[in-house]
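Enquirer: Can you keep this structure in mind? I'll have questions shortly.
The values are calculated or read from the model by the stated rules, or taken from the named source; none is laboratory data. Since the structure is predicted, the reported quantities are computational estimates derived from the model, not experimental observations. Counting neighbours? That spans all protein chains shown, and the Cβs are built from the backbone with ideal geometry, glycine included. Note: accessible area is taken over every heavy atom of the protein model, side chains too, but ligands, DNA and RNA are not part of it. Shrake-Rupley method; radii C 1.70, N 1.55, O 1.52, S 1.80 Å.
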Amino acid sequence: MKRLVLVLSALTLFAAYGCSKTYYSAMESMGYDKREILSDRVENARESQKDAKEQFASALEQFRSVVAFDGGQLQEVYDRLNGEYEDCKDEAERVKSRIDSVEDVAEALFDEWNKEIQLYSSAKLRRSSQQKLTATKKRYNGLIKAMRNAEKKMYPVLEAFEDQVLYLKHNLNAKAVASLEGELTSIRTDVDALIKEMDKSIAEADAFIKTLE
């Protein structure tokens, strides 16, 4: 058990510091090929997008509730909204990181696959493998496009949340809270667009994972 923990810790460090080739080689020596790693990372990216979708929706609800503010401690209102904003920012960073990790292993997998195709002596098998590679890359390109589109939708919402939190911080009064209402419609539209893109991306991830099983 202790040895396993040490091995996993080392692999985590390799991944964290970008030693991808070393990491993939170590994983393959333990029986995990790049295809499996890609599937796992797509699953992780999908789950992070689900979490982000829920967090952004939660933050929107908090902003809606604050607009209806009718008295109380404004510092508590600010702290609550700032907490929601920080949680959204953390989720956005996690989504980006996990999509980056998907791209990293996909690039390594396709590069290896392309090189190994040249090793076939059978033209029929080489052609079949090339067709499978082309089809897999096509599905992957659709997946990564959907993931990046969803990721991009997070940033306008984050910027809007940050603006409102900062304005409230600098103007802790009822007038500042009332000013949030004017921005709520725009923020809601952006969050709705984000959730729509997240759902598309999650569906693409589900479909892609099935092709790897």
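Enquirer: Tally up the residues in the stretch 90-140 that are outside any helix (DSSP H, G or I) and either in contact with a His (Cβ under 6 Å, 6 or more places away or on another chain) or open to solvent by less than 50 Å² (accessible area, probe 1.4 Å) (or both), please. Can you show your working first?
Expert: Within the stretch 90-140, the first condition is being outside any helix (DSSP H, G or I), and the residues that meet it are 118-122.
From what's left, either in contact with a His (Cβ under 6 Å, 6 or more places away or on another chain) or open to solvent by less than 50 Å² (accessible area, probe 1.4 Å) (or both): 122.
Final tally of qualifying residues: 1.
Enquirer: Pairs please, first residue from the stretch 190-213 and within 21 Å of D40 (Cβ to Cβ) and polar (S, T, N, Q), second anywhere and assigned to a helix (DSSP H, G or I) and open to solvent by 50 Å² or more (accessible area, probe 1.4 Å), Cβ atoms under 8 Å, 6+ apart in sequence or on different chains.
Expert: As it stands, the answer is S201/N149; T211/R139, since those pairs meet every condition given.
Enquirer: When residues of the stretch 151-187 are filtered for being at pLDDT below 90 and either within 14 Å of R64 (Cα to Cα) or touching a Phe, Trp or Tyr at 6+ places or on another chain (Cβ under 9 Å) (or both), how many remain?
Expert: Number of matching residues: 18.
Enquirer: Within the bounds of the stretch 77-87, is there any residue that is under 30 Å from E204 (Cβ atoms), open to solvent by 30 Å² or more (accessible area, probe 1.4 Å) and not aliphatic (A, V, I, L, M)? Even if it seems obvious, please write down each step before you answer.
Expert: So the first thing to find is which residues in the stretch 77-87 are under 30 Å from E204 (Cβ atoms), and the list is 84-87.
Filter once more, keeping what is open to solvent by 30 Å² or more (accessible area, probe 1.4 Å): 86-87.
Next, only the ones that are not aliphatic (A, V, I, L, M) stay: 86-87.
Yes, because at least one residue in the stretch 77-87 is under 30 Å from E204 (Cβ atoms), open to solvent by 30 Å² or more (accessible area, probe 1.4 Å) and not aliphatic (A, V, I, L, M).
Enquirer: Regarding the stretch 32-52, can at least one residue be identified that is open to solvent by 30 Å² or more (accessible area, probe 1.4 Å), modelled with pLDDT under 80 and either on the phi > 0 side of the Ramachandran plot or among the polar types (S, T, N, Q) (or both)? Break it down into steps so the answer makes sense when it comes.
Expert: Taking the stretch 32-52 first, the residues open to solvent by 30 Å² or more (accessible area, probe 1.4 Å) are 32-33, 35-36, 40-41, 43-44, 46-47, 50-51.
Those still in the list that are modelled with pLDDT under 80 too: none.
Among the residues of the stretch 32-52, not one is open to solvent by 30 Å² or more (accessible area, probe 1.4 Å), modelled with pLDDT under 80 and either on the phi > 0 side of the Ramachandran plot or among the polar types (S, T, N, Q) (or both), which makes the answer no.
Enquirer: Further, regarding this structure: Residue by residue through the stretch 157-175, note down the ones that are without any contact (Cβ under 8 Å) to a residue 40 or more places away in the chain and assigned to a helix (DSSP H, G or I). Show your work before the answer.
Expert: Within the stretch 157-175, the first condition is being without any contact (Cβ under 8 Å) to a residue 40 or more places away in the chain, and the residues that meet it are 159-160, 163, 166-167, 170-171, 175.
Once the filter is applied, which keeps residues that are without any contact (Cβ under 8 Å) to a residue 40 or more places away in the chain and assigned to a helix (DSSP H, G or I), the stretch 157-175 yields E159, A160, D163, L166, Y167, H170, K175.
Enquirer: For A150, indicate whether it is in contact with a Ser or Thr (Cβ under 6 Å, 6 or more places away or on another chain), within 27 Å of S101 (Cα to Cα) and touching a residue at least 40 places away in the same chain (Cβ under 8 Å). Give the derivation first.
Expert: Details: in contact with a Ser or Thr (Cβ under 6 Å, 6 or more places away or on another chain): yes; within 27 Å of S101 (Cα to Cα): yes; touching a residue at least 40 places away in the same chain (Cβ under 8 Å): yes.
So A150 fits the description; yes.
Enquirer: Another question about this same structure. So the check is Cβ under 8 Å with 6+ separation or different chains; which pairs have a first residue in the stretch 42-53 that's touching a residue at least 24 places away in the same chain (Cβ under 8 Å) and under 12 Å from A203 (Cα atoms) and a second one that's polar (S, T, N, Q) and open to solvent by less than 10 Å² (accessible area, probe 1.4 Å)?
Expert: Listed by first residue and then by second, the contacts come to R46/S201; Q49/S201.
Enquirer: Shifting gears a bit: Does the stretch 59-73 contain at least one residue that is open to solvent by less than 30 Å² (accessible area, probe 1.4 Å), within 23 Å of the chain's Cα centre (by Cα) and in contact (Cβ under 8 Å) with a residue 40 or more places away in the chain? Steps first, answer last, please.
Expert: Going residue by residue through the stretch 59-73, those that are open to solvent by less than 30 Å² (accessible area, probe 1.4 Å) are 59-60, 63, 66.
Next, from what is left, pick out any that are within 23 Å of the chain's Cα centre (by Cα): 59-60.
Now narrow it down to the ones that are in contact (Cβ under 8 Å) with a residue 40 or more places away in the chain: 59-60.
Looking for residues that are open to solvent by less than 30 Å² (accessible area, probe 1.4 Å), within 23 Å of the chain's Cα centre (by Cα) and in contact (Cβ under 8 Å) with a residue 40 or more places away in the chain, one finds at least one in the stretch 59-73, hence yes.
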